[in-house]
1. With viscosity set to 1.306 mPa s and temperature to 10 °C, compute the Stokes-Einstein D of segment 1-139, Rh being the Kirkwood radius across alpha carbon pairs; µm²/s, no decimals.
2. Hey, can you rank 109-116, 145-152 by average C-beta count inside 10 Å, highest first?
3. Determine the share of segment 1-114's accessible area contributed by carbon and sulfur atoms, expressed in whole percent, with a 1.4 angstrom probe.
4. With the contact rule set at Cα under 8 Å and sequence spacing of 6 or more, what percent relative contact order holds for segment 139-188?
5. Translational diffusion coefficient of segment 65-150 at 10 °C, 1.306 mPa s, Stokes-Einstein with Kirkwood Rh over Cα pairs, in µm²/s as a whole number.
6. When ligands, DNA and RNA are left out and all protein chains stay put, how many square angstrom of accessible area per residue does the chain have with a 1.4 Å probe?
7. Given segment 114-194, what percent of its DSSP beta bridges are antiparallel, to the nearest 5?
8. If you bin the C-alpha pair distances of the chain every 10 Å from 0, what whole percents do you get?
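The values are calculated or read from the model by the stated rules, or taken from the named source; none is laboratory data. Every value quoted in this text rests on a predicted model; they were computed, and no experiment measured them. Because the Cβ atoms are built from the backbone with ideal geometry, glycine has one as well, and the counts that use them run over all protein chains shown. Quick note on the areas: whole protein, heavy atoms, side chains included, nothing else; ligands and nucleic acids left out. Shrake-Rupley method; radii C 1.70, N 1.55, O 1.52, S 1.80 Å.
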Amino acid sequence: MSELEYFEKPQLKRTILFTAFSGWPDASEAATRAARYMVRHLGARRFAAIDAEEFHIYTEQRPAISTTRSGTRRITWPKYRFYAWRPEDPEERDVVIMIGSEPQLKWRRFSELILDVVKTCNVELVVTLGALLDAVPHTRPPRVTSSATSTNLGTGLSHIQWGPSRYEGPTGITSVVIDAVSRIGIESASIWGHAPHYLQVRPNPVVTLALVRAAQQFISQPMDVERLRSRSEEFATTVERALEDQDQVKGYVKQLEQKY
């Protein structure tokens, strides 16, 4: 498959694949930042990538140009990157993390490439990370909603008893990927963080932290979230200061608190 390049093919077993797409399913960049946080703190290594050429409209999502240390100009094209992590305990599940932008074109073809990685890496479970804007107050713990295609997600995951999604309506690439893996008998789960719609700020480390903690349920090795927790506290303080003289917004937040 020409769009999919393997730099190496890690020998993985009983693997969990996490996906995070920027764009529509990534309010406040919470999902992709959660995935990147996981990559850094697990020490996951990049092993494959999908070239975005066939899947993007560049006038809608443009490549970026920058200057290197040597003074040359470099264009960075959108890509989908795959990272692998293996725990020290051989009995624990291996992990693959995919990060990229939601494609604008050829979603079914794109799903075929994901299935190639799924088969190559012996993936047994797919977990999609997402974030959406919602009428929730920033003054309360962030809402996280979860769903799964089964209450039996595999050995060692019996503590996760999530029901199926009841959502109906316009959907994104996460649902298309879930549909593709379901067709070959692989279970999946979805985790969505809810970001306050009235803030419209990026990033929102509070929602990112909530997603990392939810994803931790699937991973054997604890992740240090102290730095992210500190950023969340700083973010909350900054928001409170920004809203000090915004009486209309503060009144709206109180209404959301009553409904929370």
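1. The estimated diffusion coefficient comes to 97 µm²/s.
2. Averaged packing, sorted descending, gives the order 109-116, 145-152.
3. The C+S portion of the solvent-accessible surface of segment 1-114 is 46 percent.
4. Contact order relative to length: 36 percent.
5. Roughly 92 µm²/s, to the nearest whole number.
6. Accessible area per residue, the chain: 54 Å².
7. 40
8. Bin by bin from 0 Å, the calculated values are 6, 28, 34, 22, 8, 1.
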